[in-house]
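Reviewing the structure listed below.
The values are calculated or read from the model by the stated rules, or taken from the named source; none is laboratory data. The structure displayed is predicted, hence computed values, not measured ones. Counting neighbours? That spans all protein chains shown, and the Cβs are built from the backbone with ideal geometry, glycine included.
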Amino acid sequence: MALLRCDFFSEALSLSTSMTVVLPQQTQHQIGMTGAAPDDGQGFPTLYLLHGLSDDATIWTRRTSIERYVAQLGLAVVMPQVDRSFYTDERVGNAYWTFVSEELPQIAQSFFNLSPAREDTFVAGLSMGGYGAFKLALRRPERFAAAASLSGVLDIAGRETRGDWPTDFRDRIFGGSAAGTDDDLLHLLGRSDPSSLPRLYLCCGTEDELLADNHRFVDAAGRRGVPLTTSFTPGAHEWTYWDRTIQDVLAWLPLRREGRE
């Protein structure tokens, strides 16, 4: 595998930003790991892997063994930086939704040998990143074959109602209430066409503070008839749980071309 930090300028953000990228490499002589890379000329299948509220573009490589986990899959991993934006065009701030949904894939594909095909494109994330992954899946279903949320912040409107966020934080990002808008995942579920959506995977630890939010999303998906794979196992809102469950996500992804030893 090749591990790269890529610093570049974003037109959507009007500033320089960064992404961490893992690229497949065919290898045979690494101790304890064999690398695979598709050689069919179609480009690498790609997982866009999103960080949480307190993290950055390096966090998945520093807290998990994601590079090792994807080595035999021939899967590229793109990990962008979006600060504390909730993957949203902030009302007071930067256009991070435009960046991650439109500009990032174009830039990443221009820099690296990534497949542009829907069936080779996936997204996953933890906490705030789980919210971002499902927002991409629900608002851009034509782009992704599968999306996974790990301990996601999935009930934005409910958190507003309960007063879980400071008003200034909510106003800076959403300009007031996100309820009933395209930043409200439950609202998006309610008007989605289940047949058009990518495969969805949701997991959350049974000791996680966001467990109720995740159950509300599961219930809403069931009412709408949206297929959803779920996993609720012991774990809290922490990296031991995410390091374990990202392996489950990778095993679940509908990869067309898997590397083999």
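Which residues, counting only those in segment 176-192, are of a type outside the set (G, A, S) and free of Cβ contacts under 8 Å to residues at least 24 places away in the same chain?
Just the residues of segment 176-192 that are of a type outside the set (G, A, S), to begin with: 181-189, 191.
Once the filter is applied, which keeps residues that are of a type outside the set (G, A, S) and free of Cβ contacts under 8 Å to residues at least 24 places away in the same chain, segment 176-192 yields T181, R191.
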Within segment 164-176, of all residues that are acidic (D, E) and not in a loop (DSSP other than H, G, I, E, B), the one nearest to H187 (Cα to Cα) is D171
Counting only residues that are under 23 Å from D193 (Cα atoms) and without any contact (Cβ under 8 Å) to a residue 12 or more places away in the chain, segment 124-165 contains a total of 0
For segment 230-241, does any single residue satisfy the condition of being touching a Leu at 6+ places or on another chain (Cβ under 9 Å), of a type in the set (V, I, T) and crowded, with 18+ Cβ neighbours inside 10 Å? no
Within segment 144-165, of all residues that are crowded, with 20+ Cβ neighbours inside 10 Å and among the polar types (S, T, N, Q), the one farthest from the chain's Cα centre (by Cα) is S151
Check: Would a scan of segment 76-99 turn up a residue that is without any contact (Cβ under 8 Å) to a residue 40 or more places away in the chain and among the hydroxyl-bearing types (S, T, Y)?
Finding: no
Counted residues in segment 135-163 being assigned to a helix (DSSP H, G or I), of a type in the set (G, A, S) and in contact with a strand residue (DSSP E or B) (Cβ under 8 Å, 6 or more places away or on another chain) come to 1
In the set W242, W252, the lone residue that is of a type in the set (F, W, Y), farther than 30 Å from D40 by Cβ and in contact (Cβ under 8 Å) with a residue 60 or more places away in the chain is W242
Item to complete: Could you tell me whether segment 43-62 includes any residue that is over 28 Å from H237 (Cβ atoms) and of a type in the set (V, I, T)?
Response: no
All-but-one check, T64 against (1) surrounded by fewer than 21 Cβ atoms within 10 Å (Cβ to Cβ); (2) touching a Phe, Trp or Tyr at 6+ places or on another chain (Cβ under 8 Å); (3) more than 19 Å from A148 (Cβ to Cβ); (4) not hydrophobic (A, V, I, L, M, F, W, C), failing number (3)
Flagged in segment 22-59 as in contact with a helix residue (DSSP H, G or I) (Cβ under 8 Å, 6 or more places away or on another chain), surrounded by fewer than 21 Cβ atoms within 10 Å (Cβ to Cβ) and closer than 22 Å to K135 by Cβ, in numbering order, are L53
Checked segment 74-106 for anything modelled with pLDDT of 95 or more and over 30 Å from D171 (Cβ atoms); matches are L75, A76, V77, V78, Q106
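Check whether at least one residue in segment 135-150 is in contact with a His (Cβ under 9 Å, 6 or more places away or on another chain), modelled with pLDDT of 95 or more, closer than 25 Å to S54 by Cα and of a type in the set (S, T, Y), and report yes or no. Walk me through how you get there before you give the answer.
Residues of segment 135-150 in contact with a His (Cβ under 9 Å, 6 or more places away or on another chain): none.
The answer is no; no qualifying residue exists.
Report whether or not R223 is without any contact (Cβ under 8 Å) to a residue 12 or more places away in the chain and basic (K, R).
Numbers: without any contact (Cβ under 8 Å) to a residue 12 or more places away in the chain: yes; basic (K, R): yes.
It is true that R223 is without any contact (Cβ under 8 Å) to a residue 12 or more places away in the chain and basic (K, R).
Select from segment 203-258 the residues that are of a type in the set (G, A, S) and in contact with a Ser or Thr (Cβ under 8 Å, 6 or more places away or on another chain) and write down the one among them that is farthest from A147 (Cα to Cα).
Looking at residues that are of a type in the set (G, A, S) and in contact with a Ser or Thr (Cβ under 8 Å, 6 or more places away or on another chain), I get G235.
Residue under question is D219, and the condition is that it be acidic (D, E), under 20 Å from the mean Cα position of the chain (by Cα) and either surrounded by fewer than 13 Cβ atoms within 10 Å (Cβ to Cβ) or not in a strand (DSSP E or B) (or both); does it hold?
Judged against the criteria, D219 is not a match.
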